[in-house]
Amino acid sequence: MKVLLLKDPKDKDSGPDPYIKELGSYSLEATLVPVLSFEFTSIDSLFEKLSHPECYGGLVFTSPRALEAIKICLKDKSKKEAWSKSLKQMWNIKPTYVVGKATASLVEEIGLVPQGEKAGNAEKLAEYICSREKPNSSALLFPCGALKREVLPTVLREKGIPLESLTVYQTAQHPDLQESLSSYFSQEGIPASIVFFSPSGVKFCLQHIQKLSGDLINQVKFAAIGPSTAEALRGAGIAVSCTAGSPTAQDLAAALHSALHPRSCSGPR
């Protein structure tokens, strides 16, 4: 059975994409189509803030892209030296809160220790932060995207926990998206399932997919990586067959397998 994954492929240097590998263990033939492109902004402002850990109570990351922005900062030799010599150690005295394994592993790559990665989404991470932070303490620095959801900032604000957001990237439609989708549908036909990985993906892809699928769209089982993406699909009038229990390849593969084989209880082969 064919599955269309609306996400960027994993960095080629780090081996096969875990989603393709995991779905393959359930005999599902997955194809990736990149949906989003990112433009990084405020890089100098970001490093200026990172240079003053004494002003903050910790860091919050809800997207791998925010870590990519920091990596861009650290390509500069003098900034990298400052980070290695003192800034990294100063930030490590404070908590670094994250959502998901992908973001956590990138936090580790820059030498910090992630907390809260099992939260799985912004709502649960907000609860985790509230259980550990005191009201009216130093602000948490939150490098984020222009399309960030307001769930986490709202919950923290209601609990009196200061959060300083800094937009470090803009999200746009991938320039090849329409062509890639048309090519997939003409070569592979209508997939058994289509998986969305972000509300932005719903915004940029759904109309093209509805057009390409035509009357056969009712045969497709739509899946979401998490609750906010599922909410965006339902808001667009799409029935969601399954949502991953947490944003991992393993949880998505298990959820998809159950949705595509409702009477089967067997695991991966």
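The values are calculated or read from the model by the stated rules, or taken from the named source; none is laboratory data. What you see is a predicted model, and the numbers here were worked out from it, not measured in a lab. Note that we place each Cβ from the backbone using ideal geometry, even for glycine, and neighbour counts take in every protein chain shown. For the accessible areas, the whole protein counts, side chains as well, though only heavy atoms, and no ligand, DNA or RNA atoms are used. Shrake-Rupley method; radii C 1.70, N 1.55, O 1.52, S 1.80 Å.
Some notes on this structure:
- Where the alpha-carbon atoms of segment 33-103 are placed on the principal axes, they occupy 41, 26, 17 Å, in descending order.
- Applied to segment 135-149, the Karplus parametrisation 6.51 cos²θ - 1.76 cosθ + 1.60 on θ = phi - 60° returns per-residue 3J(HN,Hα) values of x, 6, 8, 4, 5, 8, 8, 10, x, 8, x, 5, 9, 4, 7 Hz, with x for Gly and Pro.
- Cα gyration tensor category, rounded, prolate or oblate, for segment 215-266 with a/c compared to 1.5: oblate
- Calculated [θ] (222 nm, deg cm²/dmol) that DSSP helices of n ≥ 4 give over the chain, each run adding -39,500 (n - 2.57): -12000 deg cm²/dmol
- DSSP beta bridges in the chain [antiparallel fraction, %, rounded to 5]: 15 percent
- Applying the criteria of a DSSP loop state and at most 10 other Cβ atoms within 10 Å to the trypsin sites (Lys or Arg not before Pro) of segment 55-140 yields LYS75.
- Where ILE129, ILE190 fall by accessible area, highest first, once all protein chains stay in place (1.4 Å): ILE190, ILE129
- Taking segment 133-202 and dividing mean pair separation by its residue count, relative contact order in percent (alpha carbons under 8 Å, at least six apart): 32 percent
- Accessible area (Å², 1.4 Å probe, nearest 10) - HIS174: 40 Å²
- Overall shape of the chain was characterised from the C-alpha gyration tensor. The equivalent ellipsoid obtained from it has semi-axes of 36, 20, 18 Å, in decreasing order.
- Loop-located GluC sites (Glu not before Pro) in segment 149-226 (DSSP state other than H, G, I, E, B) with a sparse environment of at most 10 neighbouring Cβ atoms within 10 Å: GLU150.
- Under 5 Å, built H, 5+ apart or other chain: amide partners of VAL35: LYS7, ASP8
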